[in-house]
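Input: a single structure, listed below in structure tokens.
The values are calculated or read from the model by the stated rules, or taken from the named source; none is laboratory data. All values derive from a computational prediction rather than experimental measurement. Every residue, glycine as well, gets a Cβ built from its backbone with ideal geometry; the counts of neighbours run over all protein chains shown.
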Amino acid sequence: MIKFTRVSKTYDDGATYALRDLNLTVANSEFLVLLGSSGSGKSTTMKMINRLIEPSAGAIELDGKPVKEIDLVQLRRSIGYVFQGIGLFPHMSIAENIAIVPRLMGWSKEKQTARVNELLDLINLPGSYAERLPEQLSGGQQQRVGVARALAIDPEYLLMDEPFGALDAVTRDKLQLEMLQWRKTLNKTVIFVTHDLFEALTLGDRIAIFHEGVMQQVGTRSEILRTPATDFVKELFAKPAKQLQEFGDLV
Ligand SMILES: Nc1ncnc2c1ncn2[C@@H]1O[C@H](COP(=O)(O)OP(=O)(O)OP(=O)(O)O)[C@@H](O)[C@H]1O
Ligand SMILES: [Mg+2]
């Protein structure tokens with residue numbers, strides 16, 4: 001469980017809020033989507049969980065324990081993080097990129113190789129890609145490697161910050177479908193950031209909508225479409241809500 005209690009993040013001596021008074025609980029094994037426009041506080045929310053950013057106020061807990069009290073190395077090992085943008089190390093092979101954390105943890109070469117092969121299989125890349133450099137892969141393939149790297153030591157939590165951003169529509173659709181498959185088998189607590197409405201509606205058990213640092217609403221697809229909490233949410237979902245109504249699919 002990931003729990004935010006009255007969490008705010010300010011910059012410029014408190015003059016600007018990146019995030020304001022966030023109260024949010026993510027249940028174990030839940031797949032929560034954070035949706036919002038650029039600058040609405042999504043990455044800030046994610047980075048505070050593994051303490052890349054410290055909140056200005058409020059508390060964040062993992063399974064009832066304040067993240068501030070968890071050993072930093074342990075905290076980060078329990079959280080797989082797919083960063084916004086691709087972020088693979090250009091001079092390391094795909095296998096080395098995927099096995100960064102296993103290597104740091106002192107896994108044997110055999111165990112690392114076995115895990116890399118398992119993960120390449122999961123992300124639908126041929127085993128022969130292990131020895132390639134990132135530049136020898138397409139953008140979509142690199143994005144998948146980013147997902148594999150985050151999963152390397154089978155962390156309990158997975159944070160994915162726009163993992164499919166900046167991809168063409170076809171590749172994106174394909175990865176979204178793969179994500180739907182992964183979801184079922186992974187059985188992890190996932191927070192997934194996007195600014196794509198369709199992605200949010202397809203993937204999320206619940207969707208949290210952010211606007212200018214304020215969480216507008218969190219709820220299931222049908223809660224959000226049926227009873228938008230603010231004008232912002234209503235306008236954002238007006239088009240899909242209308243389309244779904246026409247198809248009689250507002251369940
Ligand atoms: N180091 C910083 N100093 C000042 N302001 C910052 C800093 N980091 C982030 N911000 C501001 O905080 C706000 C939220 O940023 P954040 O990265 O969380 O947005 P986001 O929702 O992830 O946007 P995007 O969709 O573009 O990735 C933005 O207005 C940003 O300019
Ligand atoms: Mg961001």
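Do the conditions hold for V218, that is, is it outside the structural domain of L244 (by TED's automatic domain parsing), crowded, with 19+ Cβ neighbours inside 10 Å and not in a loop (DSSP other than H, G, I, E, B)? If you could, list the steps in order and put the result at the bottom.
Details: outside the structural domain of L244 (by TED's automatic domain parsing): no; crowded, with 19+ Cβ neighbours inside 10 Å: yes; not in a loop (DSSP other than H, G, I, E, B): yes.
Taking the combined requirement at face value, the residue does not satisfy it.
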Residue list for the range 145-175, restricted to those being without any contact (Cβ under 8 Å) to a residue 40 or more places away in the chain, closer than 28 Å to T113 by Cβ and more than 13 Å from the chain's Cα centre (by Cα): D154, T171, K174, L175
Exactly one of L72, L122, L104 is surrounded by 13 or more Cβ atoms within 10 Å (Cβ to Cβ) and among the hydrophobic types (A, V, I, L, M, F, W, C), and that one is L122
Of all residues in the range 52-88 being in a loop (DSSP other than H, G, I, E, B) and touching a Pro at 6+ places or on another chain (Cβ under 8 Å), which is nearest to ligand 2 (Cβ to nearest atom)? I86
Failed condition for T5, given (1) of a type outside the set (D, E, K, R); (2) at pLDDT below 95; (3) more than 16 Å from ligand 2 (Cβ to nearest atom): (2)
Residue list for the range 1-18, restricted to those being more than 7 Å from ligand 1 (Cβ to nearest atom) and either under 22 Å from K188 (Cβ atoms) or in contact (Cβ under 8 Å) with a residue 40 or more places away in the chain (or both): M1, I2, K3, F4, T5, R6, V7, S8, K9, T10, G14, Y17
Determine which single condition F31 fails, assuming it passes every other condition in (1) in contact with a Gly (Cβ under 8 Å, 6 or more places away or on another chain); (2) within 16 Å of H211 (Cβ to Cβ). (2)
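Scan E212, E223 and give me the residue that is at pLDDT 90 or above, at positive phi and assigned by TED's automatic domain parsing to the domain that holds S56. Steps first, please.
On the way: E223 fails: at positive phi.
On inspection, the qualifying residue turns out to be E212.
Does the range 1-59 hold any residues that are among the aromatic types (F, W, Y), more than 15 Å from the chain's Cα centre (by Cα) and within 28 Å of L180 (Cβ to Cβ), and which are they? Give the steps one after another, and end with the answer.
So in the range 1-59, the residues among the aromatic types (F, W, Y) come out as 4, 11, 17, 31.
Narrowing further to those that are more than 15 Å from the chain's Cα centre (by Cα): 4, 11, 17.
The one that is among the aromatic types (F, W, Y), more than 15 Å from the chain's Cα centre (by Cα) and within 28 Å of L180 (Cβ to Cβ): F4.
Quick one: would you say T194 is closer than 22 Å to I123 by Cα and of a type outside the set (A, V, I, L, M)?
Values: closer than 22 Å to I123 by Cα: yes; of a type outside the set (A, V, I, L, M): yes.
It is true that T194 is closer than 22 Å to I123 by Cα and of a type outside the set (A, V, I, L, M).
Scanning the range 106-135 for residues that are part of a helix (DSSP H, G or I) and in contact (Cβ under 8 Å) with a residue 40 or more places away in the chain, which turns out farthest from A152 (Cα to Cα)? I'd like the intermediate steps shown before the answer.
Just the residues of the range 106-135 that are part of a helix (DSSP H, G or I), to begin with: 109-122, 127-131, 134-135.
Right, trim to in contact (Cβ under 8 Å) with a residue 40 or more places away in the chain and you get 122, 134-135.
Details: L122: 11, P134: 17, E135: 21 Å.
Ranking the qualifying residues of the range 106-135, first place goes to E135.
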Residues that are at pLDDT 95 or above and more than 16 Å from ligand 1 (Cβ to nearest atom): does the range 36-59 have at least one? yes
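Listed here are the residues, each with its yes/no results for (1) at pLDDT 90 or above; (2) touching a helix residue (DSSP H, G or I) at 6+ places or on another chain (Cβ under 6 Å); (3) not assigned by TED's automatic domain parsing to the domain that holds L62.
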{"position": "L119", "(1), (2), (3)": "yes, yes, yes"}
{"position": "L122", "(1), (2), (3)": "no, no, yes"}
{"position": "E135", "(1), (2), (3)": "yes, no, yes"}
{"position": "Q142", "(1), (2), (3)": "yes, yes, yes"}
{"position": "R149", "(1), (2), (3)": "yes, yes, yes"}
{"position": "V170", "(1), (2), (3)": "no, no, yes"}
{"position": "Q181", "(1), (2), (3)": "no, no, no"}
{"position": "T194", "(1), (2), (3)": "yes, yes, no"}
{"position": "D205", "(1), (2), (3)": "yes, no, no"}
